[in-house]
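The values are calculated or read from the model by the stated rules, or taken from the named source; none is laboratory data. All values derive from a computational prediction rather than experimental measurement. Here the Cβ positions follow ideal geometry from the backbone for every residue, glycine too, while neighbour counts run over all protein chains shown.
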Amino acid sequence: MKKVKYDVVVLGGGAAGMGAIKGALSENVKTLLIEREASTGGVLNQCIHNGFGIHVFNQELSGPEYHEMYLEKLGTFDAMYETTVLKVDEKHNLLHAISKDGVYEIEYGALVLATGARERPFEALRISGTRPAGIFTAGLAQHFVNLENKLPGHKAVILGSGDIGLIMARRLTLEGVKVEGVYEIMPYQGGLTRNIVQCLDDFNIPLHLSTSVIKVHGKERLEGVTVAKFENGRPVEGSERFIECDTLVASVGLIPENDLVKEIVEIDLSEGAVVDDLMRTNIPNIFAAGNNVCIHDLVDFVTMEGEMAGKNAALVSKGEKLPERKAIIKEGNNVRILSTKYTTASQAFKLYLRVSKPMGTTALYLNDERIKVVPVAKPSEMIELTLDPSKYKMRGKVILSALEVGK
Amino acid sequence: MKIAVIGSGIVGSLIAREFSKYDVEVELFEKLPDVGWGVTKANSGILHAGYDDEPGTMRAKYCAHGNEMYDKLAEELHFELKRIGSLVVAFTDDDVKILEDLLERGKKNGVKNLKILSRIEALEVEPNLSREIKAALYAPSAGIIAPWEVAQAAVENAVKNGAKLHLSTEVFNILESGRQYVVKTSKGEFVFDIVVNAAGLWADELAEKAGVKVTPLHPRRGEYILLDQPFLVKTVVFPTPSKAGKGILVLPTVHDTFLLGPTSEDLPPSEKENTSTTPEGISKIIKSVKKLVPSVNISKTIRTFAGLRPENDIKDFVLKREGNVMHVVATRSPGLTSAPAIAEDVVKTMFEGYNVRKKDDFDPYREPIKKVAEMSDEEREKLIEMNPAYGRVVCRCNKVTEGEIVEAIKHGARTLDGIKFRTTAMFGRCQGSFCTVKIMNIMKRELGTGFDEIRKNLPNSKVVDGDVR
Ligand SMILES: Cc1cc2nc3c(=O)[nH]c(=O)nc-3n(C[C@H](O)[C@H](O)[C@H](O)COP(=O)(O)OP(=O)(O)OC[C@H]3O[C@@H](n4cnc5c(N)ncnc54)[C@H](O)[C@@H]3O)c2cc1C
Ligand SMILES: Cc1cc2nc3c(=O)[nH]c(=O)nc-3n(C[C@H](O)[C@H](O)[C@H](O)COP(=O)(O)OP(=O)(O)OC[C@H]3O[C@@H](n4cnc5c(N)ncnc54)[C@H](O)[C@@H]3O)c2cc1C
């Protein structure tokens, strides 16, 4: 068994993990990246559309371009690729990992979790009917098309209007697949508005809101789906329609990936790792950043989170004492997701939130104090807040809520 | 002497293996492309203790005995078997009376160590049970298996001992021809001295074609939810049984996930392939399970599925012999549990009056596919040094390595489901969304096929279709 020792170990080499490497290296500590794939980049490698880097590089890049540019900024660093961590032993600061080279025991001073997210598979939705071939998550369909040059099928229905689903609707159409439509169970879209315009409207692909698949047909390969209108979470009788198709692409949500640490690190109801404003988990030398904390729309914010997590991990590994948590932050009215759940109130920090329903002009409140007004608020678009402890009181319990104040 | 076994479910595969212990030629016919993909693929996977079956029935004859036989089988064939015990939970005083009846019946059937637990004792065993329970019947001998793994292992071992396996070969008829039998199949005709029909849901129709009357079968559908919620229960938890059957249960699987189900719905005989799930079935499961284990979290669903029980009106197995043909019909629950005992009995019966010798060189052991995730670091180190492919994890959820995928192919997997049901890759919470492409690339390399030739399971289940232009 090979034993190695580093000040900071970063688990996962996507945008967050690369950021963490940069953050840690800026403090001149010995830093290691562990990545189970053959290279860095994570989900960026798969996203050949534009829209990355508006904040970090002030330009619109594709996923792979963003990855390349960031790597250049990063310079050289130690990394183990095609290496999978099987166990985190937080009592002894050890990781147990394997790769084709053998078994590793890796000791860390501080650990950054940057393991990203996984897609919710169609099967998890408990939709009735059979389970033939021809049902894909958007990520899997994207992988076949972008990396293997293979078509999932010839006539597709897209379930879910998240960004990945919208992007796949366009990509499949460009490849000659007939995309019958995008079906979304909620009364509002899941993805960004610019993706609705660029991926659906420009290609005349219909988006059916408040509509979902209620039954899958076909024994060997998919033969069709039944869709129906939904009201109050239930299918409306008489609204059923059969659609013939050989492909169903499900883009029904990403779930933060924390399987490896689920018994060690505090996890919230949406399965994200709970962190404070220093990106620290409940374990003082374990940090987390990126989609394993909460699902982000923009890679730029993921990078920034990663950089902060890496830097703070480096400080801890040097023996520096970071400030303690002073307040818990809770979701209030109309707020569904918060990226940060505790604050040390030691510095101004960025926090991202998602509202739970679409609203017009919306005021955001910290306890009773109005701190920001946005012209529109949609669950699909994260709202960025900067919270400065010198301006707002942050002790005990801080509640963030949203209130519609105009159309 | 030449022997045909029709059907590679748990019953047919164990029968084939039992025959392969003797100095005879055994051939096993299966219409599907892989073994154990019939009823054996979708059920609760419980080795029932045997208190449920009314004395005098075939079920009572075989269940408790079959259960006992599993320890030796698991040792020889190296499949997973966990004796986790079962609890039948009573909510009312009437339920408690039923538990007492079950205890008595169990004793008559030879079930050992049955015990009625008080409310407190039961909650100690299963802290997540409803606080409203009154008592529970505890059966320590109940166990869990992955049933298809038993079928795979038995077939592999039978083949190792000389049996011949015909996959994708459907048997159309069994015709008497002098003192022998012609077995007509989709791949030609074969002649045998002894034939065993273990065709699961189709055993009645095959018997009928062969000119034997048996009570007809209809499918009784059972739907399930597979859940990924840790620490839900430790034992198999049943409600108190009613006339409708054993009810909807909660139990761990050998893969550390949890099964909720099954429902029980009679379908017409024409629907022997209707494994669709239904909104009614799934809602019913959720409602029943919440009563048993209130803390169940349905949002942790991995998937839903349905199985079909080969049911008849007398609700019991039928073993019908006509000349040298044995028809094993209505292999409903507890068919898995009973299968080893049925196999032993069928072989004994068919050999009565013949002078067949046991093979001297019968090898009872089957080498399982290695499981890197369950090894110690030392074992992993040795294995990866020998073959680095065991150091490359392909399936994230269940930590299956490339070495295991290659092994599964060597063990006969030719489809994605073949690999899934041998390694548990694509079996976990992501349902293959990350590892499918990697696995297809390994299949491409090992089998020399293109992506277009790879199937999910059946011949028309293409995974991808054509190239990007
Ligand atoms: C399809 C899609 C489209 C998007 N479109 C845009 C866009 O247009 N513009 C934009 O700005 N943002 C976009 N985003 C958002 C943004 O790109 C992502 O949120 C961001 O890249 C996520 O980075 P991450 O590092 O958190 O996760 P990931 O990129 O998923 O990285 C996680 C890494 O960790 C590795 N890993 C996980 N577990 C382990 C383990 N146990 N051991 C070793 N390694 C492990 C993984 O292999 C992976 O490389 C998009 C996201 C998706 C999914
Ligand atoms: C919902 C449900 C829950 C259950 N739970 C349990 C339980 O917990 N414990 C328990 O002990 N039992 C249980 N059972 C019962 C158990 O699953 C069955 O008894 C057992 O799997 C039957 O095995 P088999 O070999 O008879 O049938 P199968 O597995 O169906 O095997 C028959 C095989 O024959 C093949 N075949 C059919 N016709 C032909 C033909 N003409 N030519 C060639 N091949 C053919 C089929 O393709 C199939 O592979 C359950 C059953 C169900 C459905």
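Can you name the residue in segment B:390-416 that is hydrophobic (A, V, I, L, M, F, W, C) and farther than 29 Å from A:Ile255 by Cβ and, of all such residues, is nearest to the other protein chains (Cβ to nearest Cβ)? Reasoning before the result, please.
Start the filter on segment B:390-416 by keeping residues that are hydrophobic (A, V, I, L, M, F, W, C), which leaves B:393-395, B:397, B:400, B:405-406, B:408-409, B:413, B:416.
Next cut, farther than 29 Å from A:Ile255 by Cβ only: B:406, B:409.
Numbers: B:Val406: 13, B:Ile409: 19 Å.
The residue in question is B:Val406.
Residues satisfying the criterion are present in segment B:239-253 (criterion: in a strand (DSSP E or B) and within 24 Å of B:Asp313 (Cβ to Cβ)). Just one of the listed residues (B:Gly247, B:Gly261, B:Gly200) is at positive phi, within 14 Å of chain A (Cβ to nearest Cβ) and in contact with a strand residue (DSSP E or B) (Cβ under 6 Å, 6 or more places away or on another chain), and it is B:Gly261.
Find the strands (runs of 3 or more DSSP E) located wholly in segment A:311-407 whose residues include 3 or more that are out of contact with any Asp or Glu (no Cβ under 9 Å at 6 or more places or on another chain), and list them. Strands (runs of 3 or more DSSP E) meeting the threshold: A:327-331, A:361-366, A:369-374, A:383-387, A:396-406. Being hydrophobic (A, V, I, L, M, F, W, C) and in a loop (DSSP other than H, G, I, E, B) holds for only one residue in B:Ala408, B:Ala389, B:Ala425, and it is B:Ala425. Evaluated against (1) modelled with pLDDT of 95 or more; (2) more than 12 Å from ligand 2 (Cβ to nearest atom), B:Gly38 falls short on exactly one condition, (2). For segment B:444-460, the set of residues classified as within 28 Å of the chain's Cα centre (by Cα) and not charged (D, E, K, R) consists of B:Leu447, B:Ile454, B:Asn457, B:Leu458, B:Pro459, B:Asn460, listed by residue number.
Quick grid of which residues meet (1) within 21 Å of B:Ile145 (Cβ to Cβ); (2) of a type outside the set (A, V, I, L, M); (3) outside any helix (DSSP H, G or I); (4) more than 14 Å from chain A (Cβ to nearest Cβ):
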residue	(1), (2), (3), (4)
B:Glu273	no, yes, yes, no
B:Gly281	no, yes, no, no
B:Ile286	no, no, no, no
B:Val289	no, no, no, no
B:Pro294	no, yes, yes, yes
B:Ile302	yes, no, yes, no
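The residue list A:Ser339, A:Ser346, A:Ser356 contains one member that is more than 16 Å from ligand 2 (Cβ to nearest atom), more than 14 Å from chain B (Cβ to nearest Cβ), hydroxyl-bearing (Ser, Thr, Tyr) and under 14 Å from the mean Cα position of the chain (by Cα), which is A:Ser339. Every condition in (1) modelled with pLDDT of 95 or more; (2) over 21 Å from B:Lys134 (Cα atoms); (3) more than 13 Å from ligand 2 (Cβ to nearest atom); (4) of a type outside the set (A, V, I, L, M) is met by B:Lys112 except one, and the failing one is (1). Residues being in a strand (DSSP E or B), more than 14 Å from every other protein chain (Cβ to nearest Cβ), surrounded by 24 or more Cβ atoms within 10 Å (Cβ to Cβ) and among the hydrophobic types (A, V, I, L, M, F, W, C) are entirely absent from segment B:208-227. Those strands (runs of 3 or more DSSP E) of segment A:85-202 in which 2 or more residues are more than 14 Å from every other protein chain (Cβ to nearest Cβ) and within 12 Å of ligand 1 (Cβ to nearest atom) occupy A:102-113. Restricting B:Lys164, B:Lys115 to those that are of a type in the set (D, E, K, R) and in the same structural domain as B:Leu259 (by TED's automatic domain parsing) reduces the list to B:Lys115. For B:Ile369, the stated conditions hold: it is away from every other protein chain (no Cβ under 14 Å) and either under 24 Å from the mean Cα position of the chain (by Cα) or not polar (S, T, N, Q) (or both).
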